[in-house]
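Below is one structure, written out as structure tokens; comments come after it.
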Amino acid sequence: MAASLDEKRSFDVRILVAEDDRTLREVLQRGLQEAGYVVDVVEDGEAATIMLRDNEYEVAILDWRMPKRSGIETLALVRKLGVTTPILILTARDAPVDRVEGLNAGADDYLVKPFDFGELVARLQALQRRPALRFHEEIRCGDLEFDAATRELRVAGKDVELTSTERLLIELLLRRSPAAVSRRTIANQVWSDQADAVGSNTIEVHIARIRAKIAGCDAKIETVRGFGYRVVAS
């Protein structure tokens with residue numbers, strides 16, 4: 001069954017595009033918006049650094065050659081700042097040494113100009129499906145604690161029994177807390193290859209089950225209307 005307009009809009013994903021070429025920037029913005037993305041655009045590396053540092057994006061596109069700070073310099077800097085957003089580099093440089101430089105700087109993918117727009121969207125969707133990066137063994141929000149090593153969730157030190165799907169879902173929300181996570185990202189990362197068949201009702205059912213299991217703790221799962229969910233301490 002085809003998704004309703006409201007359901008499609010609820011699966012919007014926020015993306016950053018940093019490109020100094022005005023024509024290409026406008027083409028990317030328009031095309032990505034038509035593909036269902038919420039698009040922020042900037043034209044230089046300094047602005048891109050600020051946006052990536054201060055905002056939560058599901059994925060970002062950086063052009064290699066930009067004024068004020070190159071895409072590679074921007075990439076290396078935001079990684080040092082702890083930004084884990086999946087980042088795709090756009091460039092006209094196609095030598096193997098250039099690809100290695102981009103990937104070593106912290107890029108998740110690399111696309112050479114000129115490129116097919118359909119391939120760009122496919123690459124972005126692949127980046128969205130990657131599991132969240134793991135930097136800490138224990139993730140906390142209030143008295144809610146997830147142990148990444150044992151895959152156990154605890155409330156005030158007491159174990160909470162979860163299904164495998166519930167574990168993936170609460171881990172994703174806790175890793176992104178206090179930022180909101182879109183329904184589309186949840187579907188992609190929790191249900192992976194079956195994401196296209198997962199609707200907002202399925203996600204809501206699993207959220208409700210987790211809410212019931214952690215009732216009484218000082219952290220809660222909030223619904224962000226028209227977008228997704230987030231975990232915050234009360």
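The values are calculated or read from the model by the stated rules, or taken from the named source; none is laboratory data. What you see is a predicted model, and the numbers here were worked out from it, not measured in a lab. A quick note on method: Cβ atoms are made from the backbone with ideal geometry, for glycine too, and the neighbour counts reach across all protein chains shown.
If I ask for residues that are closer than 24 Å to residue 156 by Cα and modelled with pLDDT of 90 or more, which ones from the range 177-214 would you list?
206, 207, 208, 209, 210, 211, 212, 213, 214, listed by residue number.
Which residue is modelled with the highest pLDDT, if the candidates are limited to the range 67-81 and must be among the basic types (Lys, Arg) and either under 19 Å from the mean Cα position of the chain (by Cα) or part of a helix (DSSP H, G or I) (or both)? Step through it out loud before you land on a result.
Looking only at the range 67-81, we keep the residues that are among the basic types (Lys, Arg), and these are 68-69, 79-80.
Within this subset, residues satisfying the condition of being either under 19 Å from the mean Cα position of the chain (by Cα) or part of a helix (DSSP H, G or I) (or both) are 79-80.
Values: 79: 80, 80: 77.
The extreme case among them is 79.
With the structure loaded, tell me whether residue 232 is farther than 24 Å from residue 127 by Cα and not in a helix (DSSP H, G or I) or whether it fails that test. Please lay out each step first, then the result.
Numbers: farther than 24 Å from residue 127 by Cα: yes; not in a helix (DSSP H, G or I): yes.
Yes: the conditions hold for residue 232.
Which numbered condition trips up residue 171, out of (1) under 17 Å from the mean Cα position of the chain (by Cα); (2) at pLDDT below 85; (3) acidic (Asp, Glu)?
(2)
Mind checking which pairs have a first residue in the range 155-183 that is without any contact (Cβ under 8 Å) to a residue 12 or more places away in the chain and a second that is part of a strand (DSSP E or B), Cβ under 6 Å, 6 or more apart or different chains?
Sorted first by the residue in the range 155-183, then by its partner, the pairs are 159/152.
Just the residues that are over 27 Å from residue 57 (Cβ atoms) and either part of a strand (DSSP E or B) or modelled with pLDDT of 85 or more (or both), please, taken from the range 135-156.
Selection gives 143, 147, 152, 154, 155, 156.
For a quick check of your reading of the model, give me the residue pairs whose first member lies in the range 213-227 and is more than 15 Å from residue 170 (Cβ to Cβ), whose second is surrounded by fewer than 19 Cβ atoms within 10 Å (Cβ to Cβ) and of a type in the set (Ser, Thr, Tyr), with beta-carbon atoms closer than 7 Å and at least 6 apart or on different chains.
From residues that are more than 15 Å from residue 170 (Cβ to Cβ), the pairs are 218/234.
If you scan the range 154-171, which residues turn out to be surrounded by 15 or more Cβ atoms within 10 Å (Cβ to Cβ), more than 14 Å from residue 220 (Cα to Cα) and touching a strand residue (DSSP E or B) at 6+ places or on another chain (Cβ under 9 Å)?
Result: 160, 162, 166, 167.
For residues that are outside any strand (DSSP E or B) and under 18 Å from residue 45 (Cβ atoms), scanning just the range 105-131, find the one that is modelled with the lowest pLDDT.
The first filter runs over the range 105-131 and keeps only residues outside any strand (DSSP E or B), leaving 105-108, 113-131.
With the extra rule that they be under 18 Å from residue 45 (Cβ atoms), the set shrinks to 105-108, 113.
Details: 105: 66, 106: 70, 107: 77, 108: 78, 113: 80.
For the range 105-131, the residue satisfying everything is 105.
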